Amino acid sequence: MRILQLHCDSIEFTPTKKEIKNAEENVSKETTRLEELVVAFVAVEKGDDSLVAKDAISQIKNSMDKIGCKKLLLYPYAHLSSNLASPSIAISLLKEMELLASDLDVSHSPFGWTKSYKIQVKGHPLAESSKVITKKETTFSGEPSKDEITSEALKSESKIKSFWYVLSPDGKMTPISDFNFSNHPKLELLSKYESAKKRSVDEPPPHVALMKKLAIADYEPASDSGNMRFFPNGRLIKSLIEQYVTARVKDYGGYEVETPIMYDSHHPSMVSYFNRFPARQYNIDSEGKQLFLRFAACFGQFLMANEFQLSYKNLPFRLYELTRYSFRREQSGELVGLRRLRAFTMPDCHCFCKDMNQSIDEIKTRFDLSQSVLGELGIEESDYEMAIRFTEDFYKENKKTVEDLVRKLGKPVLIEMWKEKFFYFVLKWEFNFIDSLGKASALSTDQIDVENGNRYGIDFVDENNVKTNPIILHNSPSGAIERIIYVLLEKAAFDSKQGRKPQLPLWLSPTQVRIIPLKDEFNDFCNTLAEKISSHNIRVDIDDRNDSIGKRIREAEKEWIRYILVVGEKEANSENLSIRDRKTGNVRELSFGDFIKEFKEQTRNKPFSGLNMPKLLSQRPQLMV
RNA sequence: GCCAAUGUAGCUCAGCCUGGCUAGAGCAUUCGACUUGUAAUCGAAAGGUCGUGGGUUCAGAUCCCAUCAUUGGCUCCA
């Protein structure tokens, strides 16, 4: 007996006509709809008997118990086997099974009828399984059926055996249980987080409140969970980070492209890649096509590279896209603020290399790039820990490469080693930010992919005029942009907790300079001053509201504005500016030129974009308190 | 997805356990007064489907059930 068991949101079936002579009688041709159930497609095979039926139903019940489902539909399905039992035996065994399951809400679809059906299968790991039950030895395989669009990777992941080590810059490899973490508390957190999955926190991450207070981003209840909206401040910050990362990747040699956000699940190049990953994508049906929203930039770039005429002389060749968005339908319980989203912005740079040596050179360059990009975004080496994951074979052949990466970082690194290759890559490294609650989130990452060149039919002609698949590196120098904002806010919250003033990097501050006129009569002067400052590409606004000076300063402080210029009698008649610097809380007097100079030194080489709200605060709606 | 907690005005929260006047406060908003010298000027007004849908009750923000969202834990993170 062969059974394909599916945990479904719903199924609808309609008997259309009799397929065989001794089909079930008295069948209604109405459509039957059932919800929240397990559908068992059953093919009864030659030699099956009551014992097999009994065994089958007990296995089905067993797994239904695990997933907490109490409704079962037995669906006769001949196409699972080429060795079918006779219809009469099949009917009787199916009836027997139905009877044995009568403690559940059980039903069956008519035997021997051609039926049309519509099914919606759930996306969790246990939703799909196939069973083969025979008389002699009853076997059970809880693995996802290979016939279905499902996840080979899920199967692999559950079987995957990882060996965990810490690799020090001096080349010493220590199993994590033996490593002395006393000087590396964050690495210890990462190790526990990754290997033992041990976490204990009971407060919400501080960035969630901050992203609202600073009017950066918020949940959008009208969308799906994990799809955020960005207010003008947030959009400005995000846009600047996007521009910066893109500029850096282009400097490094990436060529920017743009590719569709949705793909046909049945496109030949997609099927096998797609099936290797958990079914966590958004699906869209359109005119008979089953489309899915991309979860990375890989597809678009690979399909594009497939059409390139590449020679070894062109390699390494780098394609880059900043995906707005990539979509991953993470489980609802996994979503948190800006840390884990269902729609996120991901810089993704793929490098096609002619051989392993070239990819190893390249991966080192990209390591430096990633580290530098993070640093310029305000995320220091001490904020993150590195993990490197690879197959044992790769390590044996490229021990030095792994050690070089660790030496570059200059501190011990978490190592995960696999006996076999389960994923498409042989090595992957990533930087993990460890927040003040001990949570780890991956930022920059790079992978050495040895499968997708072949899978997507990407090839180049080598020195010997032979078509060869390139090795592909997958690098995100910063990780998701939203996650960068999360890190900056978490760092600020941590500063605040330690009694320091929280602050965003100056180049990312929505308002960089605020002018406060003491009385209305100075408004014109302030306007002129604002024009002058803003002509140097500085975001300056004016708090012209009718509030006390103390209050307006307090407001500016709450918005984390770095420079506050109060303008009164004295300033209006002087060449100098009175500058309140949030960093120190003190008021300084500086000439206009000196101030601009000081300012510009801090934002050098960073992108600029103008104010994203009215210049006059009196014209600004209150978005958040 | 599973388990738990939370959901009351634009925001932060009180009220809920023990059902009962017209559901309160601060901030924000509007109006008025004040014309301000470096982290909250004073007064008034307006603002609420108590997340949503059912149920119990003479009566539900309050008790019960379901559902949605957020947060935490589990799982997961290509």
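Points to keep in mind about this one:
- Flag for A:VAL106 being modelled with pLDDT of 85 or more, assigned by TED's automatic domain parsing to the domain that holds A:ASN283, in contact with a helix residue (DSSP H, G or I) (Cβ under 6 Å, 6 or more places away or on another chain) and surrounded by 18 or more Cβ atoms within 10 Å (Cβ to Cβ): no
- For A:GLU569, the test of being of a type in the set (D, E, K, R) and farther than 27 Å from A:ASN612 by Cβ is passed.
- In the range A:536-623, counting only strands (runs of 3 or more DSSP E) that sit wholly within it, the ones holding 2 or more residues that are surrounded by fewer than 18 Cβ atoms within 10 Å (Cβ to Cβ) and either within 10 Å of RNA strand B (Cβ to nearest atom) or touching a residue at least 24 places away in the same chain (Cβ under 8 Å) (or both) span A:576-581, A:586-591.
- Screening the candidates A:LEU489, A:LEU518, A:LEU506 for the property of being aliphatic (A, V, I, L, M) and in contact with a Leu (Cβ under 6 Å, 6 or more places away or on another chain) yields one hit, A:LEU489.
- Top-ranked residue of the range A:329-338 - restricted to ones that are surrounded by fewer than 23 Cβ atoms within 10 Å (Cβ to Cβ) and part of a loop (DSSP other than H, G, I, E, B), ranked as nearest to RNA strand B (Cβ to nearest atom): A:GLN331
- Residue match in the range A:311-318 (condition: within 16 Å of RNA strand B (Cβ to nearest atom) and either at pLDDT 95 or above or buried (at least 18 other Cβ atoms within 10 Å of the Cβ) (or both)): no
So that you can scan it fast, the table gives a plain yes or no per residue for (1) part of a helix (DSSP H, G or I); (2) open to solvent by less than 10 Å² (accessible area, probe 1.4 Å); (3) in the same structural domain as A:ASP251 (by TED's automatic domain parsing); (4) within 16 Å of RNA strand B (Cβ to nearest atom):
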residue: A:PRO347; (1), (2), (3), (4): no, yes, yes, yes
residue: A:HIS350; (1), (2), (3), (4): no, yes, yes, yes
residue: A:ASN357; (1), (2), (3), (4): yes, no, yes, no
residue: A:ASP361; (1), (2), (3), (4): yes, no, yes, no
residue: A:ARG366; (1), (2), (3), (4): yes, yes, yes, yes
residue: A:SER370; (1), (2), (3), (4): yes, yes, yes, yes
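- Screening A:LEU377, A:LEU341 for residues that are of a type in the set (A, V, I, L, M, F, W, C), surrounded by 22 or more Cβ atoms within 10 Å (Cβ to Cβ), in the same structural domain as A:MET304 (by TED's automatic domain parsing) and at pLDDT below 95 leaves exactly one candidate, A:LEU341.
- A search for C-beta distances below 6 Å between a residue of the range A:437-457 that is more than 18 Å from A:LYS354 (Cβ to Cβ) and open to solvent by 10 Å² or more (accessible area, probe 1.4 Å) and any residue that is near RNA strand B (Cβ under 7 Å from one of its atoms) and outside any helix (DSSP H, G or I), counting only pairs 6+ apart in sequence or on different chains, returns A:LEU437/A:VAL201.
- Considering the range A:213-229, the residues that are of a type in the set (A, V, I, L, M, F, W, C) and surrounded by fewer than 20 Cβ atoms within 10 Å (Cβ to Cβ) include one that is nearest to A:PRO614 (Cα to Cα), namely A:ALA215.
- Test for A:GLY499: is it without any contact (Cβ under 8 Å) to a residue 40 or more places away in the chain, surrounded by fewer than 17 Cβ atoms within 10 Å (Cβ to Cβ) and more than 10 Å from RNA strand B (Cβ to nearest atom): yes
- Test: residue in the range A:110-129 that is part of a strand (DSSP E or B), farther than 30 Å from A:SER332 by Cβ, open to solvent by 40 Å² or more (accessible area, probe 1.4 Å) and at pLDDT 85 or above: no
- Set A:ASN464, A:ASN475: member being assigned by TED's automatic domain parsing to the domain that holds A:ILE379, more than 30 Å from A:GLY300 (Cβ to Cβ) and at pLDDT 95 or above: A:ASN464
- Only listed residue being modelled with pLDDT of 80 or more, more than 44 Å from the chain's Cα centre (by Cα) and not basic (Lys, Arg), chosen from A:SER10, A:SER58, A:SER92, A:SER50: A:SER92
- Residue match in the range A:42-58 (condition: in a strand (DSSP E or B), touching a strand residue (DSSP E or B) at 6+ places or on another chain (Cβ under 6 Å), more than 15 Å from A:SER86 (Cβ to Cβ) and not aliphatic (A, V, I, L, M)): no
- Residue tally, condition within 13 Å of A:LEU341 (Cα to Cα) and within 10 Å of RNA strand B (Cβ to nearest atom), over the range A:213-233: 9
- Here is the figure for the range A:13-47: residues that are within 40 Å of the chain's Cα centre (by Cα) and among the basic types (Lys, Arg) total 1.
- Of the residues making up the range A:466-494, those that are buried (at least 24 other Cβ atoms within 10 Å of the Cβ) and more than 22 Å from A:VAL249 (Cα to Cα) number 2.
- Qualifying residue in the range A:42-55 (condition: in contact with a Phe, Trp or Tyr (Cβ under 8 Å, 6 or more places away or on another chain) and not polar (S, T, N, Q)): yes
- Cβ separations smaller than 7 Å between residues 6+ apart or across chains give the following pairs from the range A:398-419 residues that are open to solvent by 50 Å² or more (accessible area, probe 1.4 Å) to residues that are among the hydrophobic types (A, V, I, L, M, F, W, C): A:LYS408/A:PHE367.
- Answer from A:ARG340, A:ARG248, A:ARG324, A:ARG294 - the residue that is basic (Lys, Arg) and touching a Phe, Trp or Tyr at 6+ places or on another chain (Cβ under 7 Å): A:ARG294
- Residue in the range A:185-193 that is in a helix (DSSP H, G or I), within 12 Å of RNA strand B (Cβ to nearest atom) and open to solvent by less than 40 Å² (accessible area, probe 1.4 Å) present: yes
The values are calculated or read from the model by the stated rules, or taken from the named source; none is laboratory data. Note that the coordinates shown come from a computational prediction; the quantities given were computed from them, not determined experimentally. Virtual Cβ from ideal backbone geometry, glycine too; neighbours counted across all protein chains shown. What goes into the accessible areas is simple: the full protein's heavy atoms, side chains included, and nothing from ligands, DNA or RNA. Shrake-Rupley method; radii C 1.70, N 1.55, O 1.52, S 1.80 Å.
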